[in-house]
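The values are calculated or read from the model by the stated rules, or taken from the named source; none is laboratory data. Just so you know, these numbers come straight off a predicted model, no measurement behind them. Virtual Cβ from ideal backbone geometry, glycine too; neighbours counted across all protein chains shown. Calculation scope for accessible area: heavy atoms of the full protein, side chains included, ligands and nucleic acids excluded. Shrake-Rupley method; radii C 1.70, N 1.55, O 1.52, S 1.80 Å.
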Amino acid sequence: MSIKTPVSGTTRYLCPLECGWHHDVPPPSLDRIAELHVTADPAARDLREAIGSVATQALLREAEQTEAALREHLATHATEEFVRVIHDLRVEVAALRERPVSREEKNA
């Protein structure tokens, strides 16, 4: 897990428990499609459908990999960590609800 700045266009998914873990999804590219082992649907009737099938398959494969990485990481956290973060968020939301809203914020 590198914390260096990712390549422009990368989507970075952070651990919701703020432990510092993240999962980077590189921007779309022909190289990335090859890495995902995505091919055009042989039933595609034309180039547009073939490209669309590749894009759809790449999107689904990327989502599956991202979900798997997140689930694998979340399994490393104890239940107590989830409870602590939920509690802290509830306290923060309550404090925000009680805070008076400034004139600038109302006009924004």
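Things to note:
- Considered as a group, the residues in the stretch 2-31 that are under 11 Å from the mean Cα position of the chain (by Cα) and among the charged types (D, E, K, R) include one that is nearest to His87 (Cα to Cα), and that residue is Arg12.
- Wholly within the chain, helices (runs of 4 or more DSSP H) carrying at least 3 residues that are open to solvent by less than 60 Å² (accessible area, probe 1.4 Å) and at pLDDT 95 or above: 47-74
- Restricted to the stretch 43-85, and to residues there that are of a type in the set (A, V, I, L, M, F, W, C) and touching a helix residue (DSSP H, G or I) at 6+ places or on another chain (Cβ under 9 Å), the residue that is nearest to Tyr13 (Cα to Cα) is Leu74.
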